[in-house]
There are 2 protein chains.
Amino acid sequence: MRGFVIKNCDVFGLKGEQPEFRFGHDIWVDGNRIKAITPTNPGQEGPDVEQIDGAGMLAVPGMINTHAHVPMVLLRGAAEDVPLTEWFNDYIFPMESNLTPEDVYWGALLGIAEMIEAGITYVADHYFFMDQVAEVVQTSGMRANLAWAVFEHEGVEKLKETTHFITRWQGKANGRITTWLGPHSPYLCGPEFLHTCAHVAKDLDIGVHIHAAETQEQVDASLAQYQKTPIRLLLDAGILERPTILAHCLYPTDEDLQVIADHPAGVGQAPKTYLRAGMGLRDIEQYQARGIPLGLATDGAASSSTLDLYEQMRLMALTQKFIQADARKASLGEILRIAFLGGAEVCREPEVGKLEPGYLADIVLLRQDRAASMPRLNPAANLVYALGAADVDTVICDGQVLMRGRKLLTINKAEVKQEVERRLARLVQRVPGRKVAVYPT
Amino acid sequence: MRGFVIKNCDVFGLKGEQPEFRFGHDIWVDGNRIKAITPTNPGQEGPDVEQIDGAGMLAVPGMINTHAHVPMVLLRGAAEDVPLTEWFNDYIFPMESNLTPEDVYWGALLGIAEMIEAGITYVADHYFFMDQVAEVVQTSGMRANLAWAVFEHEGVEKLKETTHFITRWQGKANGRITTWLGPHSPYLCGPEFLHTCAHVAKDLDIGVHIHAAETQEQVDASLAQYQKTPIRLLLDAGILERPTILAHCLYPTDEDLQVIADHPAGVGQAPKTYLRAGMGLRDIEQYQARGIPLGLATDGAASSSTLDLYEQMRLMALTQKFIQADARKASLGEILRIAFLGGAEVCREPEVGKLEPGYLADIVLLRQDRAASMPRLNPAANLVYALGAADVDTVICDGQVLMRGRKLLTINKAEVKQEVERRLARLVQRVPGRKVAVYPT
């Protein structure tokens, strides 16, 4: 059984919504779990225990990415400064029609390399060719909830195929892989198809990861076509009986919010995407006040440029203060709670998101040696507003060290870079008439 | 005469508002200027020329910080989640009354260390005890425009003192130091005092750096008290006849904008501060359409947490798309133009902000080896939305290397950290009744 101790680091925690820092502590890891956190006592570990020097480092839980399309890092920068409809129909959907399983494999490697470098240890991913993504999750050492995205126009046969993926990978990689169903959205999957999805999810006893109520236009179109909001469609189809990740969900009605609160559903939000796409933002108190789990998401890099939850955390804090014109909103403790525990709640993973004995050993060490991290007058403020993905030094997931001194230990980045770059010219082709789906206008 | 060549880097430039990248080029530096930029030709430099290996790096101009309070890094994290009035009157103004010249010296060292680490080579600083700041600018190798902040309640005697600072330092440090006048703002300096400032600035043939029209409340209060907007007060006092940096200036009226456009004034903006303080934002097209110079600013770290213009650049782009609900706004080229050339225009420094022969050698090399920088499909998008301060590897200012491989060469950071930390407890004291000024409510 593996075991090691991280010596003499600062440990971030929360008491309710109050940030709490223990300075100069040791974190003891036994197998894939945290065994103890104790004040540093040099030499206490004895000569046989492996040590990681944490001096000067801040230990935080691995970040939890509640909604991503990881392999889209392949298309980073492919569609800039364009509105959402054009972004989908003229750039992304045509380009995605070029993807092969092997492309997705290399994209997943690059995206997971980026997430590990950014201190993310858990991702709820929603994409195509998910066997390839699962393979990379397995070999990279990350933790993931994987959903194979499916559109209604692909038919029930395709849905069935994705259930084979689910049974192949559920609980694999020492339990690091969870698999859910991934119908794309109520605007690209109608009520009947969603109803079938809900049945399948119930039979397999799994959850559903789906886009919903992303824009007001989507809500208006849904009302016009079905006389129901997207959330009401999900309710009536039975989807919300299942554990559900609602991606984005910026435009639920008050009634929708109550529906979500009454069901095992949570919301994953990626403010960077919403700003970039001009999609608008929602006051997060509306979710919080009803007890709806709320977590951070990166979305795909084609829309948010980076898979960086430190950036998303900071943007959520900044934009909430902005849209409410009140500096007191989105306090340090509230935003840190969303980033760590909120993510775990959205993904229904009660054993991650916290550095405490008994929790899974998903631990990140941040350097605090840039001048921007000094002085350490208010470590919670430094964590939210000054530190970032580039300060991540060491990443541990499930008790395994995935990065040390910024060097990735499970991914050959040079090889990934080369493989991705030689695919680019083909991937960004836009062949007239070819696209994976059509975003309705 | 010093000379060296940066070998085989990628060079960022702009053709109008079109980003332009030259891959695999050499940048030749002679003394404090760029001599040539040529396609890489290994060995061409001969054995006697010092080389900096730029392979894999992106060369950009040093960033230009158009408005800062550098030593406020001492108070990073001291006032979080509080509205502007409370922030000033209950936290910052009381704490600033504790500052000694020696505190400011160490604060300037920490702040300039942070800026160099973040690829900033020019700062327009506005603070107290500016002799200490000037000394640090001199020894650190940075370039700066320095203004000693003065309030009307300190009297004309104090203003005169600051002019002595100006004559002591104008043009010093091989011309790297420029000094301007720094009346705080029209809300803490009345019309007569401003009039005196304008006279003094004219006599000394220098510019003025001043806060103006930061909030709608300020504008309303000015109209109530003087029947004039803050910008009109500056005009009538003669300030705008001088080269002027207007800090923030979020709430000019249409008439004000025309006044600014008709004078040698520019605007420095720090979106991170505005978001955090819930101050609102302004559509930047309103400045751009009138040809008003617009640059990026960090403001002080007590309000923006970091002295990081990459972050401010990204926030400006994101928030402009957001407030106009249009992803086409604040295009890559437009935002990059503001970040580099816009900053130079605001500070009236025509020899910086561009990597071209004849320009001053203020050059920054960014690493492109994080997974977040891959692939290099759209280098302008990577620069705005994926790269950041933590990717800065090498910083050159006035032909001198200030940082190499992320190691600061002119500042002892460990010593600065220690000196700053031992001052903290005293600095954050709030002695009843003691504050440098009172923010009017």
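The numbers here are math on the coordinates, done by the rules we state, and not lab data. Just so we're clear, the structure is a prediction, and the values are computed from it rather than from any experiment. Note that each Cβ is placed from the backbone with ideal geometry, even for glycine, and that neighbours are counted across all protein chains shown.
Annotations for the structure displayed:
- Summed side-chain charge close to B:Tyr439 - residues other than B:Tyr439 whose Cβ falls under 13 Å, Lys, Arg +1, Asp, Glu -1: -4
- The angle between the Cα long axis of helix B:216-226 and the longest principal axis of the Cα atoms of chain B comes to about 40 degrees, rounded to the nearest 10.
- Classified by the C-alpha gyration tensor, the range A:286-371 has a rounded form. Its axis ratio a/c, with a ≥ b ≥ c, is below 1.5.
- Cβ-vector label at 7 Å, A:Gln225, separations to other copies in nm: 5.8
- Chain A versus the axis that turns it onto chain B: the residue with the nearest Cβ and the distance in whole Å amount to A:Ala390, 2.
- Within straight-line reach of B:Lys417, meaning a Cα separation under 16 Å, sit the following lysines at least 8 residues removed in sequence or on another chain: B:Lys407.
- Residue-averaged beta-carbon neighbours from other chains (10 angstrom radius) around B:364-374: 6
- Full extension of the chain between B:Tyr226 and B:Asp90 gives 46.3 nm of extra length, using 0.36 nm per residue less the Cα-Cα distance.
- Cα centroid separation, the range B:285-322 to the range A:274-295: 24 Å.
- In this structure the amide hydrogen of A:Thr229, modeled in the peptide plane, comes within under 5 Å of no amide hydrogen from residues 5 or more places off or on another chain.
- Taking the convex hull of Cα positions in the range B:1-122, its mean projected area over all directions (nm²): 11.5 nm²
- Between this copy and the others, label points of B:Gly433 are 8.6 nm apart in ascending order, each placed 7 angstrom from Cα in the Cβ direction.
- Per residue of A:189-202, other chain Cβ atoms within 10 Å of the residue Cβ number 0 on average.
- For the range A:65-106, the square roots of the Cα gyration tensor eigenvalues, ordered a ≥ b ≥ c, give a/c of at least 1.5 with a/b no greater than b/c, which places it in the oblate category.
- Rounded tilt (10° steps) of A:155-169 against the dominant C-alpha axis of chain A: 20 degrees
- If you run the Gaussian network model on chain A, springs between alpha carbon atoms under 10 Å, then out of A:Glu217, A:Glu241, A:Glu114 the most flexible one is A:Glu217.
- The range A:367-381 and the range B:24-47 have Cα centres spaced 38 Å apart.
- For the range A:74-199, the square roots of the Cα gyration tensor eigenvalues, ordered a ≥ b ≥ c, give a/c of at least 1.5 with a/b no greater than b/c, which places it in the oblate category.
- Rounded FRET efficiency, nearest 0.05, which uses the C-beta distance separating B:Gln170 from B:Ala261 and R0 of 25 Å: 0.35
- With a cut-off of 12 Å between beta carbons, the residues surrounding B:Ala261 carry a summed charge of -3, where Lys and Arg count +1 and Asp and Glu -1.
- The largest-to-smallest principal axis extents of the Cα set in the protein assembly as shown are 84, 63, 58 Å.
- Cut-off 11 Å between beta-carbons: net charge of the residues surrounding A:Pro252, Lys and Arg +1, Asp and Glu -1: -1
- At 7 Å out from Cα toward Cβ: A:Glu102 inter-copy label distances (nm, ascending): 6.8
- Close amide H contacts of A:Val267 (hydrogens built in the peptide plane, cut-off under 5 Å, sequence separation of 5 or more or a different chain): A:Leu246, A:Leu294, A:Gly295.
- Estimated FRET transfer efficiency (A:Arg328, B:Gln324; beta-carbon r; R0 22 Å; 0.05): 0.25
- Across the range A:141-265, C-alpha contacts under 8 Å between residues 6 or more apart give a mean separation that, scaled by the residue count, equals a relative contact order of 23 percent.
- At R0 = 30 Å, FRET efficiency that the Cβ-Cβ distance of A:Gln418 and A:Thr139 yields, to 0.05: 0.95
- A cut-off of 5 Å between modelled amide H atoms, ignoring neighbours fewer than 5 places along the same chain, links B:Ala212 with B:Ala247, B:Cys249.
- Residues in the range B:32-42 carry Karplus couplings, in order, of 9, 10, 7, 9, 7, 10, 10, x, 4, 9, x Hz; the curve used is 6.51 cos²θ - 1.76 cosθ + 1.60 with θ = phi - 60°, and Gly or Pro positions show x.
- For the range A:63-346, a Kirkwood hydrodynamic radius built from all Cα pairs, placed in the Stokes-Einstein relation at 4 °C and 1.567 mPa s, yields a translational diffusion coefficient of 70 µm²/s.
- Between the alpha-carbon centres of the range B:112-155 and the range A:70-115 there is a gap of 44 Å.
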